[in-house]
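Comments concern the structure below.
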Amino acid sequence: MSKIPLVTIWFWLTRVMIAGAGVEWPDYVYGHLGQMLTSGMICVVLIVALAVQFRARRYYAWVFWPAIVVVSVAGTEAANGVHVKLGLSYLAVALLYLALLIALLIWWRARTGTLSLRSAPR
């Protein structure tokens with residue numbers, strides 16, 4: 001059983017709408033609750049949504065799509081936060097996150113001997 005939905009036109013339409021919401025929703029909430037509380041809430045929801053998604057044995061729309069929404073929101077906010085707080089350009093932010101990803105993959109490979117999630121030790 002798969003843990004992801006069938007990729008159809010409906011998948012992509014939903015994904016595009018989520019991307020738009022991921023950009024606009026936090027800005028709206030910041031105006032009412034403030035940046036720190038909103039960012040904290042995004043972190044908590046991200047952890048919960050990913051934990052539920054990783055525990056799921058198969059695809060459930062009610063598990064998958066909330067995880068996609070919160071990953072989209074958190075990713076946008078991670079880029080915007082570094083851009084605004086450190087004054088870095090979006091290109092510099094992208095390069096920073098690319099360097100972090102490469103470092104993570106190097107660490108993962110050194111630790112497990114592979115980049116495969118299927119053959120990694122459990």
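The values are calculated or read from the model by the stated rules, or taken from the named source; none is laboratory data. This one's a predicted model, so the numbers in the text were calculated from it and none came from an experiment. Note that each Cβ is placed from the backbone with ideal geometry, even for glycine, and that neighbours are counted across all protein chains shown.
Some observations on this one:
- Extreme residue, farthest from Leu37 (Cα to Cα), among residues of the range 91-122 that are of a type in the set (Phe, Trp, Tyr) and surrounded by 12 or more Cβ atoms within 10 Å (Cβ to Cβ): Trp108
- Applying the criterion of being under 19 Å from Arg15 (Cβ atoms) and touching a helix residue (DSSP H, G or I) at 6+ places or on another chain (Cβ under 7 Å) to the residues of the range 72-90, the residue that is surrounded by the fewest Cβ atoms within 10 Å (Cβ to Cβ) is Ala79.
- Qualifying position, being under 19 Å from Thr76 (Cα atoms) and over 16 Å from the mean Cα position of the chain (by Cα), among Leu50, Leu33, Leu6, Leu46: Leu33
- Flag for Phe54 being hydrophobic (A, V, I, L, M, F, W, C), in contact (Cβ under 8 Å) with a residue 60 or more places away in the chain and either in contact with a Phe, Trp or Tyr (Cβ under 6 Å, 6 or more places away or on another chain) or not assigned by TED's automatic domain parsing to the domain that holds Tyr97 (or both): no
- Residue match in the range 50-69 (condition: part of a helix (DSSP H, G or I), hydroxyl-bearing (Ser, Thr, Tyr), out of contact with any helix residue (DSSP H, G or I) (no Cβ under 9 Å at 6 or more places or on another chain) and at pLDDT below 90): no
- Residue check, Trp65 at negative phi and over 15 Å from the mean Cα position of the chain (by Cα): no
- Conditions (1) at positive phi; (2) in contact (Cβ under 8 Å) with a residue 24 or more places away in the chain: number failed by Gly34: (2)
- Number of the condition not met by Leu115 [criteria: (1) out of contact with any Phe, Trp or Tyr (no Cβ under 8 Å at 6 or more places or on another chain); (2) over 18 Å from Trp25 (Cα atoms)]: (1)
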